[in-house]
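The values are calculated or read from the model by the stated rules, or taken from the named source; none is laboratory data. These numbers were taken from a predicted model, which means no experiment stands behind them. All Cβ positions, even for glycine, are placed from backbone atoms using ideal geometry, and neighbour counts span all protein chains on display. Keep in mind that these areas ignore ligands, DNA and RNA; they rest on the heavy atoms of the full protein, side chains included. Shrake-Rupley method; radii C 1.70, N 1.55, O 1.52, S 1.80 Å.
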Amino acid sequence: MRDFEKRLESVVEGFFARALPGGGVQPVELGKAMVRTMEEQKTVSIASVYVPNAFTFHLVPKDYERLAPLEGSLRKELSAIARRAAASEGWKLPGPPEIHIAGDGRGVQGTFDVEAHIVESAEEEPEAGPHTQLIEMSLEADAELAIVGGNKRAYPLSKDVLTIGRLDNVDVSLADPGVSRRHAEVRREGDEWVVVDLESTNGTVVNGKAVKRHRLKPGDRMSFGETVIEFRRTT
């Protein structure tokens, strides 16, 4: 469970970087509660582990009024978190995430309930993998990660978070025994990018120095195991 909580922090972190003023429920709490609910209500079939894909958050009226102006953005971000959690944990969504936010909660301000259901769709969610991830990446990326040596492959940085590791379903999958399954993330912060080590076994090195978190500059070289990746600006 402790390992799951660490992964949960990694999945949600970066989507809701700032707390909203005024107290009450914070968006990051909604994201964490949703992923915990997915874990609690997963269903194991012969070949897959299915999790709920439809969520209704019941907020007390005061919190709902406070978050209502951001409802569209919250729904998009919570949908992205559901997909990211499924990819990270190897879960399968039976259809696209559906997010609903209601102001009919009956607790005190700062509390909420989350209701989860499986809603099967004719439009099945695609399996997370290299081809899917490349399709999702826009050609308008302003930066990229380029592998130095070897196949010299480049990965456009057109998503807010790219995960690097040895798993097949991460954004940058490295067949390197010195790389952890989920080794590090490269995250957008405003107009800049940072690399964050995800408590990997062998650590993350930038320009020869071990880092936990590092703000990237063009030409910075990151080492993951024996693999070297350079950060480049494309515009």
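Scanning the range 45-59 for residues that are surrounded by fewer than 20 Cβ atoms within 10 Å (Cβ to Cβ) and either out of contact with any strand residue (DSSP E or B) (no Cβ under 8 Å at 6 or more places or on another chain) or of a type in the set (Val, Ile, Thr) (or both) gives 45, 46, 47, 49, 56.
Does residue 32 count as modelled with pLDDT of 90 or more, open to solvent by 20 Å² or more (accessible area, probe 1.4 Å) and touching a helix residue (DSSP H, G or I) at 6+ places or on another chain (Cβ under 8 Å)?
yes
Would you be able to say whether some residue in the range 68-76 is hydroxyl-bearing (Ser, Thr, Tyr) and without any contact (Cβ under 8 Å) to a residue 12 or more places away in the chain? Checked against the condition, which is being hydroxyl-bearing (Ser, Thr, Tyr) and without any contact (Cβ under 8 Å) to a residue 12 or more places away in the chain, the range 68-76 yields at least one hit. Can residue 221 be described as modelled with pLDDT of 95 or more, closer than 20 Å to residue 234 by Cβ and open to solvent by 40 Å² or more (accessible area, probe 1.4 Å)? When the stated conditions are applied, residue 221 passes them. The residues of the range 163-199 that are under 20 Å from residue 81 (Cβ atoms), at pLDDT 90 or above and in contact with an Asp or Glu (Cβ under 6 Å, 6 or more places away or on another chain), listed by number, are 163, 184, 196. Every test in (1) in contact with a strand residue (DSSP E or B) (Cβ under 7 Å, 6 or more places away or on another chain); (2) in a loop (DSSP other than H, G, I, E, B); (3) surrounded by fewer than 22 Cβ atoms within 10 Å (Cβ to Cβ); (4) not aromatic (Phe, Trp, Tyr) is passed by residue 196 save one, and that test is (2).
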